[in-house]
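The values are calculated or read from the model by the stated rules, or taken from the named source; none is laboratory data. Bear in mind the structure is a predicted one, so any value in this text is a computation, not a measurement. Cβ: placed from backbone, ideal geometry, glycine included. Neighbour counts: every protein chain shown. For the accessible areas, the whole protein counts, side chains as well, though only heavy atoms, and no ligand, DNA or RNA atoms are used. Shrake-Rupley method; radii C 1.70, N 1.55, O 1.52, S 1.80 Å.
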Amino acid sequence: MAKSVNKVLLLGNIGKDPEVLVLPSGTTKVNLSLATSDRIKGKGGEWHDRAEWHNLAAFGRTAEIIRDYVRKGSKLFIEGSIHTRSWDDEESQQRKYRTEVVVSSLSLLSSLIDDTGQRHPSSMETHQPEQFGDEITDADIPF
């Protein structure tokens, strides 16, 4: 039995184009924001939509897929885990914190129209993170 679980599932729309970075190691990283929404009932009985914004980060091949196929308004289903990072802000001389969801896999649920006007279908394309080791075959199963 696991001692703890840190798993996030989100379905929503991207708020702005992803910010693409290349780390000193050469690894691609993207930062992006995802909006999810709920319908809540007000005091007078009327229904209102309420948006919640989530900070996302992705690395490596997942980041490259987001860089190439995700734009503002894209609908995504993501799986990941919550991480909080901190750093010292030189300008304000204060410790800063940012909580974000680190994406481990994603499904692209909308198509992309590129700069030439071509539509690239990506409905239900899924990217799973690379697995370590060789692929499992029937010969590996003991029964």
Query raised in the report: Cβ under 14 Å from residue 30's Cβ, residue 30 left aside: what net charge do those residues give with Lys, Arg +1 and Asp, Glu -1?
Result: +1
Query raised in the report: How much of residue 85 can a 1.4 Å solvent probe reach, expressed as accessible area in Å² and rounded to 10?
Result: 90 Å²
Requested in this report: Find how much the distance from residue 89 to residue 1 grows on full extension, using 0.36 nm per residue of separation minus their present alpha carbon separation; answer in nm with one decimal.
Outcome: 27.7 nm
Query raised in the report: With every protein chain left in place, what is the accessible area of residue 82 in Å² (1.4 Å probe, nearest 10)?
Result: 90 Å²
Report task. Pairs of lysines 8 or more apart, or on different chains, with alpha carbons under 18 Å: count those in region 15-97, would you? Result -> 4
